[in-house]
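Any read-out appearing in this document is the output of simple, stated calculations on the displayed coordinates, not a laboratory observation. As the structure is a computational prediction, the values presented were derived from the model and not from experiment. Don't worry about glycine lacking a Cβ; one is built from the backbone with ideal geometry, like all the others, and counts go over all protein chains shown.
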Amino acid sequence: MYVLSFESSCDETACAVLEMSESARIVKSNIIASQVDTHALYGGVVPEIASRAHIEAISKITYEALDVAGVSLRDIDVIAVTNGPGLIGALLVAVNFAKSLAYANDIPLVSVDHIKGHVAGNYLTHQELKPPFLALVVSGGHTSFFDVKSYTEFEEIAGTRDDAVGECFDKIGRVMGLPYPGGAGMDRLAKEGDSLSITFPSPAISKDTLDFSFSGLKTAVINYLNTKNQRGEEIPRADVAASVTHSIVEAICSKVKGALNKTGYDKIVLAGGVSANSHIRNGIEAVCKRRGASFYAPTLDLCGDNAAMIGAQGYYEYLNGARADVDLNAYPS
Ligand code: KG4
Ligand code: ZN
C-alpha cells in the first residue's frame, strides 16, 4: 500500500511516499523544505512567516516526493496529514492541501497526531518493532513518557511541568551564541567539556514522580551566563554545555528507570528532535544494557520533523479504520 504524507506543524514543510505492508515498511521518498535559515534571523520560529513559507513550498515538494518515489497520484492508496499539535496557521497549510488532494482524487484521508508520528518514525528504522512498549518523546515542545499499548492507543504517563527539553537546550544555546536552534550545537560542544565542572539544578524534581521540570535548570544556567558576562569573565562554553547535558541526561536516565519499573516493559522507544542527542542516546542505551531491556531510537534523518514518520503512523491509523473528512480541522495543543 502506498501512503502519501504531509507535515507542516512548525518550520519544516515535508512530504513523503511510503510503501507499507505487514512485512515491510519502506520509505520511497522523504522530502523536507526547511525554514531554519529564515527563522534563525529572529532566534526562533515566527508563526506568520512559517505559514507563508509552507504555502510557497508545499506543491513543489509534493511533485518532488512523487517523482523521487517513482509513483503518481493514481498509485496512492491513502493520504496522511499532521493535524496537531503545532502552530495553527502552519498546520492548516498541509491539512487543507491534503484535504483538497484527497477530495479531488478520491483518495482516503487520515489525520495524524504529530507526537504519535515521532514515535512511528521508529517503525521505519526498526522493521521488527511493534507495540506495546514505553516511549519517551523529547522535542522542542514535548518531554513525555507514553505507554504505547497498540499502534494507535497511547497513554501519557508523565511529562514536563513547564519547558520542554528542546526548548531548554535552545534557550541556553541562544544565550551562548550558538546557531539556532541550539540543540545540535550544545550536543557537539558538550563532547569537548568537563561534565562535572559546574553543578546545575536537576530537571528530575523528586523521586515521587516521573515528571520533569526544565525551567529551573534553564534559569540557573542563563543566570550563570549573565553573571559571567557582567563580570567580564570568560565563559567556559564547552564546560557549561557538558554540565547542562550531564544534568539533563542524569535526570532522563533516572526517570527512564522509574518508567520501566512502573510499566513493567523491557522495551523503550526514544523519539522527537532531541532524540538525535548523542549523550541522551548513549545514557538510555547504557541503562537498558544494564537491565537487559531493549532500546530503540530513529536514524538521525528521522529524528527531527519529517513526513515519513507521519506516513508510518497514518498507515496504522488507516488499518485501524480511522478516516478524515473534508471538515478535518487542525488543533494547536
Ligand atoms: O521534533 P522537533 O524537530 O520539533 C518539534 O516537534 O519540536 O524537535 C526540535 C528540537 C529543537 O529544540 C532542536 O534544538 C532539538 O530538537 N535538537 C537537538 C538535537 N538536534 C535537534 N537537541 C539536542 N541535541 C541534538 N543533537
Ligand atoms: Zn516534532
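Its relative contact order, with pairs defined as Cα atoms under 8 Å and 6+ residues apart, puts region 128-301 at 25 percent.
For residue 178, what is the net charge nearby, where nearby means another residue's Cβ is under 12 Å from its Cβ and Lys, Arg count +1, Asp, Glu -1? Every neighbour counted, the sum reads +2.
Distance between the modelled labels on residue 319 and residue 223, one decimal in nanometres: 5.1 nm (7 Å Cα→Cβ projection).
Cα-based radius of gyration for region 277-329, normalised by 2.2 N^0.38 Å, reads 1.66.
Once the Cβ-Cβ distance of residue 234 and residue 34 is raised to the sixth power relative to R0 = 51 Å, the FRET efficiency obtained is 0.90. For the chain, the calculated P(r) over all alpha carbon pairs, in 20 Å bins from 0 to the bin holding the longest distance, is 32, 55, 12, 0 percent.
Where Rh is the Kirkwood radius over the Cα pairs of region 185-328, the temperature 4 °C and the viscosity 1.567 mPa s, what D in µm²/s does Stokes-Einstein return? Approximately 73 µm²/s, per Stokes-Einstein. Loop-located GluC sites (Glu not before Pro) in region 95-164 (DSSP state not H, G, I, E or B) with no more than 15 neighbouring Cβ atoms inside 10 Å: 128, 153. Each part reduced to its alpha carbon centroid, region 207-222 and region 77-129 end up 32 Å apart.
Hey, quick one: spin label on residue 290, modelled 7 Å out along Cα-Cβ, who in region 241-271 has an amide N within reach, i.e. under 17 Å? So the set is 246-262, 266-268.
Listed by chain and number, the lysines whose C-alpha is less than 30 Å from the C-alpha of residue 262, apart from same-chain residues fewer than 8 away, are 116, 130, 149, 207, 218, 289.
Quick one: among 290, 174, 237, which has the greatest mean-square fluctuation in a GNM of the chain with alpha-carbon springs under 10 angstrom? Between 290, 174, 237, it is 290 that shows the largest mean-square fluctuation. Taking 305, 194, 208 as the candidate residues, the one with maximal mean-square fluctuation in a Gaussian network model of the chain, Cα springs under 10 Å, is 208.
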